[in-house]
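To start, the structure itself, in structure tokens.
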Amino acid sequence: MPTLKEYKEFILEKLDLLNNITCRAMMGEYLLYYNNILFGGIYENRLLIKIVNSNKKYNMQEQIPYKNAKMMYFFDDINNKELLKEVIIETCKDLQDLKSLNKKKR
């Protein structure tokens, strides 16, 4: 079941504490970026965030976004905008650090 556009808009409203959030439609679902870093997406009306070391401390439930995909964390406390902001910033910092580390290895 693809994500409803109304749910996408609802999630984007919850992300209003962050500047530079972009959303890209992809096969009925939505990819989410913060400062051009892909941190998660909206899949079947669920906000899912990539798993990195820094966000493991939040004890979020692991879920699969779609068949044969990597597990992601389900962010279910959607009304807690401050926590959501914190999780996304930490996740993106880790993702940026991983990207930089991979570039250095090449």
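The values are calculated or read from the model by the stated rules, or taken from the named source; none is laboratory data. From a predicted model like this one, the values you see are computed outputs, not experimental measurements. All Cβ positions, glycine included, derive from the backbone under ideal geometry; neighbour counts span all protein chains shown. Just so you know, the surface numbers come from the protein's heavy atoms only, side chains and all, with ligands and any DNA or RNA stripped out. Shrake-Rupley method; radii C 1.70, N 1.55, O 1.52, S 1.80 Å.
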So if I check each of Tyr7, Tyr43, Tyr34, Tyr30, which one is farther than 22 Å from Asp97 by Cα, in contact with a Cys (Cβ under 6 Å, 6 or more places away or on another chain) and at pLDDT 95 or above? Tyr30
Considering residues that are in contact with a helix residue (DSSP H, G or I) (Cβ under 8 Å, 6 or more places away or on another chain), in a loop (DSSP other than H, G, I, E, B) and not polar (S, T, N, Q), the number found within region 1-39 is 4
Cβ-Cβ under 9 Å pairs, at least 6 apart or on other chains, region 72-91 side within 13 Å of Ile11 (Cβ to Cβ) and open to solvent by 40 Å² or more (accessible area, probe 1.4 Å), far side in a loop (DSSP other than H, G, I, E, B) and acidic (Asp, Glu): Lys81/Asp16
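Conditions (1) at positive phi; (2) among the basic types (Lys, Arg); (3) open to solvent by less than 40 Å² (accessible area, probe 1.4 Å), marked per residue:
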{"site": "Leu18", "(1), (2), (3)": "no, no, yes"}
{"site": "Cys23", "(1), (2), (3)": "no, no, no"}
{"site": "Leu32", "(1), (2), (3)": "no, no, yes"}
{"site": "Asn36", "(1), (2), (3)": "yes, no, no"}
{"site": "Ile49", "(1), (2), (3)": "no, no, yes"}
{"site": "Val52", "(1), (2), (3)": "no, no, yes"}
{"site": "Asn55", "(1), (2), (3)": "no, no, yes"}
{"site": "Tyr58", "(1), (2), (3)": "no, no, no"}
{"site": "Pro65", "(1), (2), (3)": "no, no, yes"}
Output for region 45-62, where each listed residue is of a type outside the set (A, V, I, L, M, F, W, C) and either assigned to a strand (DSSP E or B) or touching an Asp or Glu at 6+ places or on another chain (Cβ under 8 Å) (or both): Arg46, Asn53, Ser54, Asn55, Gln61, Glu62
Which condition from (1) in a loop (DSSP other than H, G, I, E, B); (2) touching a Leu at 6+ places or on another chain (Cβ under 9 Å) is the one that Ile42 breaks? (1)
Members of region 13-65 found to be farther than 19 Å from Lys85 by Cβ, aliphatic (A, V, I, L, M) and in contact with a strand residue (DSSP E or B) (Cβ under 9 Å, 6 or more places away or on another chain), listed by number: Ala25, Met26, Ile64
What pairs come up if the first residue lies in region 1-23 and is hydroxyl-bearing (Ser, Thr, Tyr), the second is open to solvent by 50 Å² or more (accessible area, probe 1.4 Å), and their beta carbons are under 8 Å apart, counting only those six or more places apart or on different chains? Thr3/Glu44; Thr22/Asn36
